[in-house]
Every structure is written in C-alpha cells, then in structure tokens.
1. Which of the residues that make up region 216-239 are more than 13 Å from F15 (Cβ to Cβ), in contact with a helix residue (DSSP H, G or I) (Cβ under 9 Å, 6 or more places away or on another chain) and surrounded by fewer than 16 Cβ atoms within 10 Å (Cβ to Cβ)?
2. Among (1) basic (K, R); (2) in contact with a helix residue (DSSP H, G or I) (Cβ under 9 Å, 6 or more places away or on another chain); (3) farther than 30 Å from L25 by Cβ, which single condition is R183 missing?
3. Checking L60 against (1) under 30 Å from M261 (Cα atoms); (2) in contact with a helix residue (DSSP H, G or I) (Cβ under 6 Å, 6 or more places away or on another chain); (3) not basic (K, R): exactly one of these is not met. Which one?
4. Does V176 satisfy being of a type in the set (A, V, I, L, M, F, W, C) and free of Cβ contacts under 8 Å to residues at least 60 places away in the same chain?
5. Within region 80-123, which residues are free of Cβ contacts under 8 Å to residues at least 24 places away in the same chain, β-branched (V, I, T) and more than 17 Å from V135 (Cβ to Cβ)?
6. Checking the conditions here, which among S155, S164 is polar (S, T, N, Q) and either over 23 Å from E251 (Cβ atoms) or in contact with a His (Cβ under 8 Å, 6 or more places away or on another chain) (or both)?
7. Do we find a residue being surrounded by 13 or more Cβ atoms within 10 Å (Cβ to Cβ), modelled with pLDDT under 90, at negative phi and among the hydrophobic types (A, V, I, L, M, F, W, C) anywhere in region 152-174?
8. For region 1-110, list the helices (runs of 4 or more DSSP H) that sit wholly inside it and hold at least 1 residues that are charged (D, E, K, R), at pLDDT 90 or above and within 23 Å of the chain's Cα centre (by Cα); which are they?
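The values are calculated or read from the model by the stated rules, or taken from the named source; none is laboratory data. From a predicted model like this one, the values you see are computed outputs, not experimental measurements. Neighbour counts run over all protein chains shown; Cβ positions are idealised from the backbone, glycine included.
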Amino acid sequence: MIDRLLSSETHWWVFFAGTIVFLLLMVESGYWVGRWRREHTDPEQKSQTGTILAALLALLGFLLAISFGIAADRFAERKALVLQEANDIGTTFLRTNFLPEAQGDTSKTLLANYVDTRLRPLETTDLDAAIHESVELQTALWEQASIAAAAHPRSVPVGLYIDSLNDVIDSHEERVTVAVHYRIPPSLIWTLYLVALLSMVVMGLNFGLAGTRNMLASVALVMAFAAVLLLIVDLDQLHQRLFKINQSPLEDTQASIRRSMDEVNFVGGGPRQDDE
C-alpha cells in the first residue's frame with residue numbers, strides 16, 4: 001500500500017502532508033477530551049497522564065531509531081551491491097576473451113544487453129518483467145559457457161570465465177533479495193503509526209487536562225515525526241524519491257563495454273582460446 005502511495009512526487013507530498021494532518025487531528029481530539037474531563041480529574045491523575053505521555057514518546061523514539069537503522073543499513077547494502085555487480089560484470093566481460101571466438105562474441109553482446117537491462121529505469125509494475133529478462137540473459141550466457149566448457153573441458157581460462165559468470169548471477173540474486181525481500185516489516189511501520197497516534201492523543205489529553213496547550217510545539221513535534229517516518233519509508237522503497245542509489249559504477253561498466261565493442265576488430269583483447 002505504501003509502495004503505491006509513494007509511486008510519484010505528488011503522492012510523496014500527499015503522504016507527508018497526510019501524516020501531519022492526521023496526527024494534528026489526534027492532538028486536537030485528545031485536547032478536547034481532556035478539556036471535557038478536566039473538571040472530573042484530580043491532580044494526581046493529571047500527573048499520571050504526563051508520565052504515560054513521557055513513556056509513549058520514549059517508546060516512539062526507540063521505534064523510530066530501530067526502523068531508521070534497519071532502513072539505512074539496507075540502503076547502504078544496496079549501494080555496495082551495485083558496485084559489486086558492476087565489478088563482476090566488468091570482469092566477466094574481460095574474460096570472454098578466454099572463450100572460443102563464436103561463444104566469446106555472443107557472450108559480449110549478451111553482457112552488453114545485460115548491463116543495459118540492469119540500468120533501465122523501472123516502475124514498480126515493470127519489476128517482474130525486468131527480473132525475468134535478466135534471468136533469460138543469464139540463461140543465454142550460461143548456454144554459451146556450457147558450449148565452451150564442452151569443447152574445452154580441461155581449460156583453466158574457460159573455468160575462470162565460468163567462475164566470474166557465477167558471480168554475476170549471484171550478484172543479481174543478492175540485489176533482488178535485498179531490494180525486494182529484505183525490507184522493513186509492514187507490521188513495524190504500522191506499529192510506528194499506532195504508537196504515534198496514541199502519543200499524540202495522550203499529548204492532546206495532557207494539554208486539555210492542564211487547560212492550556214502549546215500549538216507551535218505540537219506542530220513542530222508532528223512535523224518532525226512525519227519527516228523521519230517519510231525518510232524511513234523512502235529508504236525502504238524499491239524506487240526512492242529522496243535518496244537515490246548511485247548507479248555510476250554500472251554506468252561506467254556500460255560505457256567501458258560499449259567502447260570495447262565499438263573498436264574495429266577488437267584488437268588488444270588478447271589471444272582467443274580455440275584449443276586446450
């Protein structure tokens with residue numbers, strides 16, 4: 001649900017503004033309930049409300065810290081995996097020179113298409129199709145490697161190429177797993193909202209029982225919570241709006257592959273292995 005809500009810049013602002021308005025309404029509701037109960041509440045009960053509010057705000061801060069830590073760690077891991085995949089693809093492309101000419105040329109073309117696929121901007125609805133296309137290209141690359149291995153079963157260079165191709169496939173699986181599956185549990189996000197809702201209601205109740213309120217402080221607290229929650233949710237999305245994962249390592253690899261394939265006769269690539 002949150003993925004769909006943050007699918008555009010407009011929805012990003014709706015999420016932020018909606019959170020602020022919702023929590024301010026909770027503060028206001030609590031305030032009027034407190035005003036209504038004020039005459040029937042003794043001072044001891046009023047002090048208890050302040051204690052409960054402090055506990056709720058402490059719990060809210062703790063949950064925010066945990067959630068932000070999870071999201072930030074996952075974001076850092078996704079950035080590291082982009083660099084790892086770029087290195088794996090680049091190494092595999094260089095090692096295509098270890099293959100027989102036919103398999104080497106075909107593998108170069110497949111790897112060029114593969115890195116293009118990995119860099120293609122995606123919407124959430126395109127994700128499954130992009131993963132499927134990547135897997136199809138991996139299968140085609142593996143078929144070429146199998147042909148080369150069958151022709152030269154004891155070739156060390158061909159074995160090195162297969163090792164690097166394995167790394168490319170593993171990098172794909174790691175990126176998909178971390179980006180799609182290793183996310184903040186929705187139950188934690190909803191728990192954040194629940195604790196925030198209760199905190200705002202009790203804060204408003206505390207204001208009402210005291211007979212006065214600090215609206216500026218309330219708005220500041222609500223905006224701070226909404227901003228931090230937005231950062232957490234954005235860091236956890238497949239397609240961030242505020243934080244972008246730098247794709248320059250893959251872009252550099254793509255440019256290097258294109259330059260290599262544009263060279264006439266591809267000189268300087270080293271001898272091809274047609275015999276064991």
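1. Of everything in region 216-239, those that are more than 13 Å from F15 (Cβ to Cβ), in contact with a helix residue (DSSP H, G or I) (Cβ under 9 Å, 6 or more places away or on another chain) and surrounded by fewer than 16 Cβ atoms within 10 Å (Cβ to Cβ) turn out to be V219, M223, L238.
2. Here R183 meets the rest and fails (3).
3. Going through the list (1) under 30 Å from M261 (Cα atoms); (2) in contact with a helix residue (DSSP H, G or I) (Cβ under 6 Å, 6 or more places away or on another chain); (3) not basic (K, R), L60 breaks only (1).
4. yes
5. Within region 80-123, no residue meets the criteria.
6. Going through S155, S164 in turn, the sole match is S155.
7. No.
8. Where helices (runs of 4 or more DSSP H) fall fully within region 1-110 and carry at least 1 residues being charged (D, E, K, R), at pLDDT 90 or above and within 23 Å of the chain's Cα centre (by Cα), they are 43-95.
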